[in-house]
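The structure under discussion appears below in the form of structure tokens.
The values are calculated or read from the model by the stated rules, or taken from the named source; none is laboratory data. This structure is a prediction, so every number in the text was calculated from the model and none was measured. Every residue, glycine as well, gets a Cβ built from its backbone with ideal geometry; the counts of neighbours run over all protein chains shown.
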Amino acid sequence: MPQNKLKKARRVVVKLGSNVITAVNSLNLQVIESISNQISRLMDSGIEVIVVSSGAMAAGLRKMQMNKRPEEIPKRQAIAAIGQSGLMNAYEKSFGLRDKKIAQILLTGEDLNDRKRYLNARNTINMLMNWQVVPIINENDTVMVEEIKLGDNDNLAAMITLLMDADFLLVLTDIDGLYDKDPRKHKDAVLIERTNAFENKIEQFASDMPGVLGAGGMLSKIQAAKKVTSAGIPMIVARGDICDILLKLFDGIKIGTYFIPKAEKMASRKCWIAYTLEPKGRLVIDDGAVTALKKNGKSLLPIGILDVFGNFGQGSAVSFESATGILIGKGLVNFCSSDISLIKGLKSRQVASCLGANHYDEVVHRDNMVLL
């Protein structure tokens, strides 16, 4: 039951949407103070809480008296820079009233794609929690460009949940949860209290229309749910301005939509490969290789590769798919793309004569692979 799982949680990630913590002309200080108070009380009871907070862009827009996000990247970066200081100041004051310190962490896709930087981020957040400091994480919009963009803070929250091996992801938004149709348009919309993020109909229920201030709609929350629940971590989407929402959830009150996790948690490294790394290329594999990977738990060998797409180096992340285009998984390659093109279809004992040396038998070792 979701209530029992949350009561047993020792580490949670709380994602706060823009429309939760912003009011008409400024940050919604009342909601920020309420959330800060609730998090402080959870921390005092021994629960570690990591916050992923939107709101910098919204706060900047309000401060500059603009009613929508600008399209031009330099303007968006400037607006985020203007709003970030006000956002963190509001958190610092609110948590300070409860004798809690905060720390700002701004991340880009590069920080989470690079293994060393990924682990450095985890070590830093762990140290902050050891010191009873509240980590408040946001995408670094000030330097964001498309190549390093994380997408939206729902996606970032899912990545942080996996990074920190959290027990639960709580997404607080301006809507009660997932409905069977858009409640803004349909009065007969019904709240879905419990669901599997991988059910085909779920994405049909979700609206991908973002709010005025936020970057993601309900569809981005379902995509986040897919990441964390496939790794064995449950998630709840609920309305963030409900009085004492976090405390009520931890008390076992049924609020919002609960996304059911898979039975077993995925190892941290596997989560990083599956849901954080961006593939640099693509391998097409034959039916024998598909069977070897999916049914026999084998590594991917050169003989099973039919084709190679992309230009990538040794150690890069790639996806691999069947000859009919079905995604099979992701993994880290032991050879660069040009070498894989030379050895595809060969038996392992033939690789050394083809390349002049053979340091690996596998193109993707089982330990560096995730089936999706």
Only one of (1) buried (at least 22 other Cβ atoms within 10 Å of the Cβ); (2) over 30 Å from residue 168 (Cβ atoms); (3) touching a Phe, Trp or Tyr at 6+ places or on another chain (Cβ under 7 Å) does not apply to residue 282, and that is (1)
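Does residue 184 satisfy being surrounded by fewer than 23 Cβ atoms within 10 Å (Cβ to Cβ), closer than 26 Å to residue 243 by Cβ and at pLDDT 90 or above? Steps first, please.
Details: surrounded by fewer than 23 Cβ atoms within 10 Å (Cβ to Cβ): yes; closer than 26 Å to residue 243 by Cβ: yes; at pLDDT 90 or above: no.
Against the criterion (surrounded by fewer than 23 Cβ atoms within 10 Å (Cβ to Cβ), closer than 26 Å to residue 243 by Cβ and at pLDDT 90 or above), residue 184 does not qualify.
Has segment 55-63 got at least one residue that is surrounded by fewer than 18 Cβ atoms within 10 Å (Cβ to Cβ), over 18 Å from residue 173 (Cβ atoms) and free of Cβ contacts under 8 Å to residues at least 40 places away in the same chain? So that I can check it myself, show each step before the final result.
At the first step, the residues of segment 55-63 found to be surrounded by fewer than 18 Cβ atoms within 10 Å (Cβ to Cβ) are 63.
Adding the requirement that they be over 18 Å from residue 173 (Cβ atoms) leaves 63.
Subsequent filtering for residues that are free of Cβ contacts under 8 Å to residues at least 40 places away in the same chain retains 63.
The answer is yes; a qualifying residue exists.
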Conditions (1) touching a residue at least 60 places away in the same chain (Cβ under 8 Å); (2) surrounded by fewer than 19 Cβ atoms within 10 Å (Cβ to Cβ); (3) not assigned by TED's automatic domain parsing to the domain that holds residue 111 -> residue 239 fails only (3)
Picking from 92, 72, the residue that is farther than 29 Å from residue 38 by Cβ and over 24 Å from the mean Cα position of the chain (by Cα) would be 72
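Being within 20 Å of residue 100 (Cβ to Cβ), within 23 Å of the chain's Cα centre (by Cα) and in contact (Cβ under 8 Å) with a residue 40 or more places away in the chain is true for just one of 33, 48. Which residue is that? Walk me through it before giving the result.
On the way: 33 fails: within 23 Å of the chain's Cα centre (by Cα).
Matching residue, one of 33, 48: 48.
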Of (1) over 19 Å from residue 173 (Cβ atoms); (2) crowded, with 18+ Cβ neighbours inside 10 Å, residue 44 fails just (2)
From the option list 328, 285, single residue qualifying as under 27 Å from residue 197 (Cα atoms) and β-branched (Val, Ile, Thr) is 328
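Anything in segment 93-123 that is assigned to a helix (DSSP H, G or I), at pLDDT 90 or above and surrounded by fewer than 18 Cβ atoms within 10 Å (Cβ to Cβ)? List them, or say none. Break it down into steps so the answer makes sense when it comes.
Our first condition is that a residue be assigned to a helix (DSSP H, G or I); within segment 93-123, this holds for 93-96, 109-113, 115-123.
Now drop any that are not at pLDDT 90 or above, which leaves 93-96, 120-123.
Listed by number, the residues that qualify are 93, 96, 120, 122, 123.
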If we keep only residues of segment 256-273 that are in contact (Cβ under 8 Å) with a residue 40 or more places away in the chain and either on the phi > 0 side of the Ramachandran plot or out of contact with any Gly (no Cβ under 8 Å at 6 or more places or on another chain) (or both), then the residue surrounded by the most Cβ atoms within 10 Å (Cβ to Cβ) is 259
